[in-house]
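Enquirer: Here it is, the structure, as structure tokens.
The values are calculated or read from the model by the stated rules, or taken from the named source; none is laboratory data. As the structure is a prediction and not an experimental result, all values here were calculated from the model. When we count neighbours, we look across all protein chains shown, and the Cβ atoms used for this are built from the backbone with ideal geometry, even at glycine.
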Amino acid sequence: MADKPFQYIQTLLEAGSFSRAAKRLNISQPSLSQFIMRLEKDVGATLVDRVAKPLRLTPAGECWIEAEKNVNKIRALSRVQIHDMGSGITGRLVVGTPQYFEGYFLVNALPPFMKEFPGVELVIEQGSGVDLEESVADGRLDLAIVPNPRNLPNITTEELYSKECLIALRADDPMCSQAVENRASSYPVLDFRLFDGKPFVTVKHDLRMRSVFDDLCAKAHAKPKVMLETGDLATCLALTDEKVGPTLVTNTLARLFAPKFPLRFFSIRPKIPESDIRVVYRSNRYVSKAARALIDCMKKEGKELTTLNDAAETA
């Protein structure tokens, strides 16, 4: 098997010794030692530093294993390309998403895709935007949904939709009376400076909405008192409903959660840019038919979300 040398060397490094590696590979230690010696003879250099405890690669070994990783990537790519030459759309996709996107975006985008392409296996992994981009860049994810992605090398992005940031308050919060009419939207406007020193709920620092909160504080020269940090926006809304404090939320979540919580939503002054939600994938990697079909399904859902959000804002 073409991948056998890589598998044996990788297991040897992970185990740290020939005896433990042989046990993991279910072969005898002499057989493993002879295999590595034959491999080194074929390569023309010593690959494993046998004196080191645990075992490690020599400089030649480091060069060899990096080359083998690239070869394995090429083999995997060729399998996908050859597979795509057949009829139908099948395969396996690993898709990354921020946690709260799974509950309102993918829950609508995936069922039509899975119904139309039942031969595609989907694996969903959650993470922060930065982590998801890096996972796409190093090949751990086939594609990911990322708010305001950075312009990383060898990464292609396609727009799904844009979302506005709002402030959510309980309907009985006295601060609601400070809002002014907004002719451009059904959401009245609140000045963020009003929240200086006031209780506030926000997400943790590794989430995109936290950077929006920090930017607002800087622009408005305001410093709300953060009462609680949490890992997702839905929890922030629930805490606002429990009178812990106002929170920031997207217009999409405001529309979806309005029937569930007795909250009011407001546009923000100073004005902040909308978040640009995009799907990201590697530009130097073949995009399979399955990946392309999923991207198209997500873009269709993005258009529907935009239509619904626009209708809610002008209602």
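Enquirer: Could you tell me how many of the residues in segment 160-185 are surrounded by 12 or more Cβ atoms within 10 Å (Cβ to Cβ) and in contact (Cβ under 8 Å) with a residue 24 or more places away in the chain?
Expert: Residues that pass the stated criteria total 17.
Enquirer: Assess whether ALA234 counts as being at pLDDT 90 or above and touching a Phe, Trp or Tyr at 6+ places or on another chain (Cβ under 8 Å). First the steps, then the outcome.
Expert: Numbers: at pLDDT 90 or above: no; touching a Phe, Trp or Tyr at 6+ places or on another chain (Cβ under 8 Å): yes.
No.
Enquirer: For segment 141-173, which positions are part of a loop (DSSP other than H, G, I, E, B), at pLDDT 90 or above and not aliphatic (A, V, I, L, M)?
Expert: Once the filter is applied, which keeps residues that are part of a loop (DSSP other than H, G, I, E, B), at pLDDT 90 or above and not aliphatic (A, V, I, L, M), segment 141-173 yields ASP142, ASP172, ASP173.
Enquirer: Would you confirm, using the coordinates I've provided, whether GLU133 is closer than 27 Å to ASN309 by Cβ and crowded, with 19+ Cβ neighbours inside 10 Å?
Expert: yes
Enquirer: Does GLU125 count as in a strand (DSSP E or B) and within 14 Å of the chain's Cα centre (by Cα)?
Expert: yes
Enquirer: What number of residues within segment 136-148 are farther than 30 Å from SER186 by Cβ and either surrounded by 21 or more Cβ atoms within 10 Å (Cβ to Cβ) or in contact with a helix residue (DSSP H, G or I) (Cβ under 6 Å, 6 or more places away or on another chain) (or both)?
Expert: 5
Enquirer: Counting only residues that are part of a strand (DSSP E or B) and not hydrophobic (A, V, I, L, M, F, W, C), which one in segment 196-215 is surrounded by the fewest Cβ atoms within 10 Å (Cβ to Cβ)?
Expert: Step one: filter segment 196-215 for residues part of a strand (DSSP E or B), giving 199-203.
Okay, now just the ones that are also not hydrophobic (A, V, I, L, M, F, W, C), so 199, 202.
Values: PRO199: 14, THR202: 24.
Per the stated criteria, the residue is PRO199.
Enquirer: Then there is this: Restricting the first residue to segment 262-290 and requiring it to be under 12 Å from LEU166 (Cα atoms), which pairs with a second residue that is modelled with pLDDT under 90 and surrounded by fewer than 17 Cβ atoms within 10 Å (Cβ to Cβ) meet a Cβ separation below 7 Å and a spacing of at least six or different chains?
Expert: SER267/ASN182; SER275/ASN148
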